[in-house]
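One structure is given here, and the rest of the page talks about it.
The values are calculated or read from the model by the stated rules, or taken from the named source; none is laboratory data. Computed from a prediction, not measured in an experiment: that's the story for all the values here. Backbone-built Cβ (ideal geometry, glycine too); neighbour counts: all protein chains shown.
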Amino acid sequence: MSEQEKSLEEKVEDAISEMEAPDYVFPKRFTRTDYIIVAVCAVICAAALIAGAYIA
Amino acid sequence: MSKNSAKERAIDQEAEFGIVPVTTKSKQYRFSDAFLFMSSYAIATWNYSQGAYISGLVGFKQMLITTFFGTMLALLIIELPVILATRYGIDIWIWFKSILGHTGVKIATIAIVILNFTWHGVVAELFASSFENLLGLANIHLPPFCHIILALICIFGGGYIAMKGIAVLNITTKVLTPLLILVGCVVIYVGFSSAPIEAIWNYVPEGVKASDADAAIGYILATDAMIAYSLAWFGGMAGVPRLTYTERSGFWCGPVGSGIVGTFFVIIGAVMAIAMQYVTGEMVTDPTIMMATLSVPPMALCSLLLVGFANIGTQATGSYLYALMLKASFKKAKFSVLVLALCLYVSVLAIWGQILDYIGAILSLAACMFAPLAALLFTDFFFVRKQKISLRAAFEIKGNKTYRYFHGFNPVGIGSLAIGFVTLLLVMDPVTQEVRIPFLFQFTPCVCSFVATMAAYLLLNCIPAVRRYNLRDRKEVTI
């Protein structure tokens, strides 16, 4: 493994270790409300596509 | 700058240009930044060709429905797993190592570049044509060899911006995207003003008037075409969410940026094509010709923005995202080398000069890959691996070989991919569009392929021995 690859691997390991730390703050997660909004939007789109098939 | 500090800077840039996970403190993008980036990628002359194509299949009202709702439905589903990019700061192709194996990912990403990056050949080709037409309006006729030079300017201009990184891309997209949307509004106004509203609203293509069966097939093909158009974003969809502050902004930049803004420009293409057909009897989608014909010739200068800057912007953002995708598999390669390789590939297509004749068939084949890949990622992330992965295995830290599987291939993922691929081919010939199973065709070939892949992967993971093999990483999950 070259020196650059070793440095890169160390950088990746540092990032992973940082994320494993108990006090690491992850980006704000997708909430249940977000999933519901996506599902509702998807259902509306599917319904519109089905309805569109009957438009002249 | 000393040799060591240059190396350190190169490694630091790996987070931006490469594969090092982007941790929370290094995030850079709010929703507005991500939206502008994805919109800039979406806005290019490929939209006008897509709009004209859809207009040949369905009437105007159905074009609006298939374009907007078809795209949004596809993006809402296939883009959901990008939250992994925000959460772990990685590209989806790092996650894919758990599904396809390390060598499987390499082959998949190369195949995607070969098939999907052909869009950029189209972008370069239309860039050259539009500039030739623009100069032609001023009675300046360039010799034939200038066509290639113009295409190469688009390709390498975009590549140069991509190599400069996020900061320069941000400036480009922040300036370009609002201008393009504004010009788009002007163009759609010109289109609607050039023909009676009823002529556009009631437009139905000749082939559809023949029978209800033709109309039904046209509608399904149009919906499938817009789903395939959305699937084309799949390869580079996580490059931007990787850098966003929240999962919500990382997700929505796709459907809003690529979806809403992208489809707006597809609709512009359709309106242009229909208006031109009404006025001249010919469907033309070159904005230069359209603006000069339907408005005053100086308005054709708007095409400088619509085509010129838009296409260079798309080359830049596309080159950045696809080089990132390749970096996940070829981590030793320099980012700039990968961008250059992409530019050279598109240059070969531009010199070949026939990409426009084959793009439909190529993209149909690309959809055969994208639909199963999107299904695999969706199913694995939400239902099989349940949003947890061994990052040390994905990055092969200290020689970790958990995701090596069988000589670099995960037969579970590869097998499911193959089932999805074959399903699409069974439903419809993607090149000739011959319908093979009419019952399944009504759900669109892409949806059939997605569902078949999802079902295959879920069912395989219900077999205990297969599940143990596929989920060999569970004890290594630490986040």
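Data table
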| read-out | value |
| --- | --- |
| Considering residues of segment B:71-120 that are closer than 26 Å to B:S249 by Cβ and polar (S, T, N, Q) only, the residue surrounded by the most Cβ atoms within 10 Å (Cβ to Cβ) | B:T86 |
| Some residue of segment B:426-435 being touching a Cys at 6+ places or on another chain (Cβ under 6 Å) and in a helix (DSSP H, G or I) | yes |
| Any hit, segment B:121-138, residues being within 14 Å of chain A (Cβ to nearest Cβ), in a helix (DSSP H, G or I) and within 30 Å of B:G250 (Cβ to Cβ) | no |
| Qualifying residue in segment B:23-35 (condition: within 9 Å of chain A (Cβ to nearest Cβ), modelled with pLDDT of 85 or more and outside any helix (DSSP H, G or I)) | yes |
| Single residue of segment A:47-56 satisfying the filter (at the interface with chain B (Cβ under 9 Å from one of its Cβ atoms) and out of contact with any helix residue (DSSP H, G or I) (no Cβ under 6 Å at 6 or more places or on another chain)) that is nearest to B:W252 (Cα to Cα) | A:A47 |
| Qualifying residue in segment B:283-304 (condition: part of a helix (DSSP H, G or I), at pLDDT 90 or above and buried (at least 19 other Cβ atoms within 10 Å of the Cβ)) | no |
| Any hit, segment B:191-213, residues being surrounded by 16 or more Cβ atoms within 10 Å (Cβ to Cβ) and over 15 Å from B:A270 (Cα atoms) | yes |
| Conditions (1) exposed (fewer than 12 other Cβ atoms within 10 Å of the Cβ); (2) facing another protein chain (nearest Cβ under 7 Å): number failed by A:R32 | (2) |
| Test for B:A393: is it among the aliphatic types (A, V, I, L, M) and either under 26 Å from the mean Cα position of the chain (by Cα) or surrounded by fewer than 20 Cβ atoms within 10 Å (Cβ to Cβ) (or both) | no |
| Helices (runs of 4 or more DSSP H) (entirely within segment B:305-400) containing at least 1 residues that are closer than 22 Å to B:V261 by Cβ | B:310-329, B:355-379 |
| Test: residue in segment B:162-170 that is surrounded by 20 or more Cβ atoms within 10 Å (Cβ to Cβ), in contact (Cβ under 8 Å) with a residue 40 or more places away in the chain and within 17 Å of the chain's Cα centre (by Cα) | yes |
| So B:S416, is it surrounded by 19 or more Cβ atoms within 10 Å (Cβ to Cβ), of a type outside the set (V, I, T) and over 23 Å from the mean Cα position of the chain (by Cα) | no |
| B:L176 being crowded, with 21+ Cβ neighbours inside 10 Å, in contact with a Phe, Trp or Tyr (Cβ under 7 Å, 6 or more places away or on another chain) and either not in a helix (DSSP H, G or I) or not hydroxyl-bearing (S, T, Y) (or both) | yes |
| Candidate set: segment B:227-256, residues that are β-branched (V, I, T) and in a helix (DSSP H, G or I); chosen: the one nearest to the chain's Cα centre (by Cα) | B:I227 |
| Segment A:6-16 - residue that is under 16 Å from B:I90 (Cβ atoms) and not basic (K, R) and, of those, surrounded by the fewest Cβ atoms within 10 Å (Cβ to Cβ) | A:D14 |
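Yes or no, residue by residue, for (1) at the interface with another protein chain (Cβ under 7 Å from one of its Cβ atoms); (2) surrounded by 12 or more Cβ atoms within 10 Å (Cβ to Cβ); (3) of a type in the set (D, E); (4) part of a helix (DSSP H, G or I):
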residue	(1), (2), (3), (4)
A:Q4	yes, yes, no, yes
A:E18	yes, yes, yes, yes
A:F26	yes, yes, no, no
A:V40	no, no, no, yes
